[in-house]
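The block underneath contains the structure these notes are about, expressed in structure tokens.
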């Protein structure tokens with residue numbers, strides 16, 4: 001009968017005819033949800049081999065390929081390898097600075113050498129270049145999400161670019177309160193423009209400052225309001241929120257593409273000069289493209305007599 005064939009819970013019982021595990025349908029706990037009773041049984045050859053091993057001799061270890069070993073680093077091991085805590089590592093993953101771990105099982109996360117390399121690079125950029133995470137994210141990732149390699153010589157490129165991008169009118173940074181006073185814009189509106197990403201406020205010497213480019217943007221906004229683009233007819237701060245989104249996409253594509261294509265092909269001074277030339281090209285080309293697109297869209301509306309919606313294909 002099946003019930004008497006190997007249904008004992010004796011873990012040392014030997015079965016001459018069976019060298020494999022018991023079927024799941026046989027044995028203690030059979031048919032009981034959640035039951036997890038383990039039975040061990042060996043064939044005669046298995047018993048002979050176990051008894052023949054000298055006492056204290058370690059079991060032979062399975063050879064692990066390099067790529068598999070690299071893929072099976074636990075969080076604790078990743079912390080030890082990089083000196084970075086797990087909460088910081090998890091934060092980097094959530095923010096997209098670090099790739100997701102491989103998950104071979106539901107509650108198992110496996111990290112690899114690429115995680116160690118990326119974490120070391122992030123720390124280097126923070127400690128040596130004092131870069132914010134938003135800039136570091138652009139540097140360490142490419143459009144495909146893979147590490148953008150070969151650009152180490154370009155780290156700190158913004159320092160070399162600074163003098164080349166200086167405004168010919170020598171516009172100096174200004175305190176936020178002074179910008180509000182000079183432009184006539186409410187201080188609350190200037191802060192809202194920063195919240196939607198149109199400008200960036202620098203915290204320095206215990207005060208709030210705008211660099212020369214952001215000062216100029218606020219001067220332009222002030223002029224547009226003087227021209228009639230006022231909140232009363234719908235041109236509120238929030239009506240400008242899609243401009244930062246478009247610029248962020250354009251800037252990210254341009255920067256990542258530059259680093260990815262250039263790599264270590266040029267030294268930093270030459271790369272800075274090329275980057276500035278590229279910026280000037282974009283600053284001239286993009287406004288012309290925008291004007292051309294706007295004029296053609298106005299013509300299209302005049303011809304069709306219909307106003308396209310935001311969802312319409314452009």
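Packing around the peptides 176-184, 277-285, taken as the average count of other Cβ atoms within 10 Å per residue, puts them in this order, highest first: 176-184, 277-285.
When the Cα gyration tensor is reduced to axis lengths a ≥ b ≥ c, the ratio a/c is 1.5 or higher for the stretch 155-314, and with a/b not above b/c it is classed as oblate.
Values quoted throughout were computed directly from the atomic coordinates according to the rules given, and no laboratory measurement underlies them. This one's a predicted model, so the numbers in the text were calculated from it and none came from an experiment. Glycine also receives a Cβ, built like all others from the backbone with ideal geometry; neighbour counts cover every protein chain displayed.
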